[in-house]
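The values are calculated or read from the model by the stated rules, or taken from the named source; none is laboratory data. Remember, it's a predicted structure, so these values are computed and weren't measured experimentally. Here the Cβ is made from the backbone with ideal geometry for all residues, glycine too, and neighbour counts use every protein chain on show. Accessible surface is based on the protein model in full, side chains and every heavy atom, while ligands, DNA and RNA are left aside. Shrake-Rupley method; radii C 1.70, N 1.55, O 1.52, S 1.80 Å.
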Amino acid sequence: MKIAVFTKNRTNPAYHGARVGAERAARQFGAEIVHFVPETPDDAAQQIALVDEALALAPDAIVMSPVHPCKVDGALRRIQAAGIPLFSLVSPVTAVPTITFVNADDYALGAAIAGYLFDRLGGKGAVLVIGGHVDSSTSTERLRGFADIAQRYPSIALLETLVGDYSRTTARSRMEQWLKTNPDQACEACLVANDAMALGVIEALAASGRSAAVVGVNAIPQAIVAIEQQILLATADYNAMVMGYLATECAARHLLGESMPPRIILPVEIVDAHNCKLWDLPYENRPVITYDDLPASSRVEGVRGT
């Protein structure tokens with residue numbers, strides 16, 4: 001069986017994890033994986049062109065993380081018209097039905113890491129927020145979780161939200177500019193929507209001679225090292241490697257005639273200095289959660305989404 005896997009970019013380490021997960025699942029089921037990644041990160045036109053390339057190869061199934069909520073809808077409809085089973089991960093496909101969508105609850109991840117940070121601050125302080133792509137459903141939900149939890153802490157002040165585009169270099173640049181523009185603004189902590197950006201924020205803080213507690217989301221290998229070095233306080237595990245594994249496993253099992261649930265939601269886990277050794281492995285060696293390992297609460301039954 002041949003499975004085409006679409007990820008958004010090669011710049012976000014989480015998508016490297018997703019590709020590794022897909023490869024690991026494919027080996028278990030004897031499937032062939034063909035990866036399709038835009039050369040320009042998150043470029044809708046390039047992903048559309050890649051869909052047409054994939055369709056020419058007539059894959060048995062497609063695993064897709066769309067780069068935009070609606071800009072690739074025409075290409076998704078071509079997949080549907082070709083009769084190829086479609087599975088999604090990270091960001092939902094809304095234009096056409098999918099067999100299974102695998103992700104984490106981004107709102108819950110944002111709420112959990114925000115609550116963790118605010119508790120470590122003793123419930124008070126000025127906190128700068130750094131979000132991802134403005135069109136990203138994951139960033140939108142994480143920011144919503146940040147904001148809602150902040151309302152429970154009357155002495156926490158959320159400062160402005162910088163747009164870091166889920167990029168380490170962009171987040172570092174935006175943070176450097178904010179620090180220059182606001183030299184006298186107190187900032188006890190930075191609440192960051194992914195780890196790559198959190199590492200850029202840490203670099204900007206270090207270059208300026210200022211310090212702040214920083215948390216992120218994703219639990220990428222570089223973030224685990226930063227936690228061990230005590231320069232990153234914590235991260236929430238958005239396990240894209242397991243998402244890639246499960247989406248590909250569901251595709252393979254569907255092709256073998258099994259019925260898969262319409263939605264799989266991974267549980268929330270916070271990684272900090274107390275437990276980070278459990279994550280201190282490259283994606284290729286991290287433990288996976290297979291479909292049979294999932295708790296019943298992670299398998300969401302009901303009408304298949306579109």
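Details
- Under Karplus coefficients 6.51, -1.76 and 1.60, residue-wise ³J(HN,Hα) of segment 65-82 in Hz, glycine/proline x: 10, x, 7, 8, x, 9, 5, 9, 4, x, 5, 5, 5, 5, 4, 4, 5, 7
- Given [x] 29; [y] 12; [z] 20, the label whose value is percent of Cα pairs over 35 Å apart derived from this model: [z]
- For G244, net neighbour charge (Lys/Arg +1, Asp/Glu -1) across residues whose Cβ lies under 9 Å away: +1
- Close amide H pairs (under 5 Å, H built 1.01 Å from N) link R263 with F101, V300, residues at least 5 positions away or on another chain.
- Charge dipole of the chain about the Cα centre (unit charges at C-beta), most positive-ward option of I224, Q47, Y245: Q47
- Per residue solvent-accessible surface (Å²) - the chain, probe of 1.4 Å: 41 Å²
- Counting only lysines at least 8 places from K71 when in the same chain, those with an alpha carbon closer than 24 Å to its own are K8.
- Built amide H within the under 5 Å cut-off of L159, gap 5+: V127, L128, V129
- Per-residue ellipticity at 222 nm from helix content only, as computed over the chain with -39500 (n - 2.57) for each DSSP H run of at least four residues, stands at -12500 deg cm²/dmol.
- Distance in nm between pseudo-label sites at D292 and S208 (7 Å out along the Cβ direction from Cα): 5.2 nm
- Lys, Arg +1 and Asp, Glu -1 on Cβ, resulting dipole of segment 42-170 about Cα centre, debye, nearest 20: 380 debye
- Whole-angstrom gap from segment 45-78 to segment 125-164, using each part's C-alpha centre: 31 Å
- Relative to the dominant Cα principal axis of the chain, helix 13-29 is inclined by about 30°.
- Formal net charge of residues neighbouring Q229 (Cβ-Cβ distance under 15 Å; K, R +1; D, E -1): -4
- Length-normalised contact order of segment 135-224 in % [C-alpha pairs under 8 Å, at least 6 apart]: 27 percent
- Listed residue (A75, G17, M1) projecting farthest to the positive dipole end of the chain, Cβ model: A75
- At full extension, Q229 and K180 could sit 15.0 nm farther apart than now, given 0.36 nm per residue minus the alpha carbon distance.
- In a simple Cβ point-charge model (Lys, Arg +1; Asp, Glu -1; nothing else charged), the chain has a dipole of about 180 debye relative to its Cα centre.
- Sequence-ordered 3J(HN,Hα) estimates for segment 220-234 from the Karplus curve with 6.51, -1.76 and 1.60 and θ = phi - 60° stand at 5, x, 5, 5, 4, 4, 5, 5, 5, 7, 6, 10, 10, 6, 5 Hz, glycine and proline given as x.
- Contour excess over end-to-end distance, with Cα ends at D60 and E32 and 0.36 nm allotted per residue: 9.1 nm
- Angle of helix 137-150 to the longest C-alpha principal axis of the chain, folded into 0 to 90 degrees and rounded to 10: 40°.
- Theoretical FRET efficiency, 1/(1+(r/R0)^6), r = Cβ-Cβ of A157 and I84, R0 30 Å, to 0.05: 0.05
- Point-to-point label distance, D148-L256, nm (Cα→Cβ direction, 7 Å offset): 3.7 nm
- Folded to 0 to 90 degrees: helix 106-120 orientation relative to the chain principal axis, Cα: 20 degrees
- Residue (of P267, W178, A198) at the positive-pole extreme of segment 159-306, dipole from beta-carbon charges: W178
- Distant-in-sequence amide H partners of V217 (H built 1.01 Å from N, under 5 Å): N194, D195, A236
- Here each label is just a point 7 Å from Cα along the line to Cβ, and for T40 and I265 those points are 3.6 nm apart.
- Summed residue charge, Cβ within 12 Å of A150's Cβ, Lys/Arg positive, Asp/Glu negative: +2
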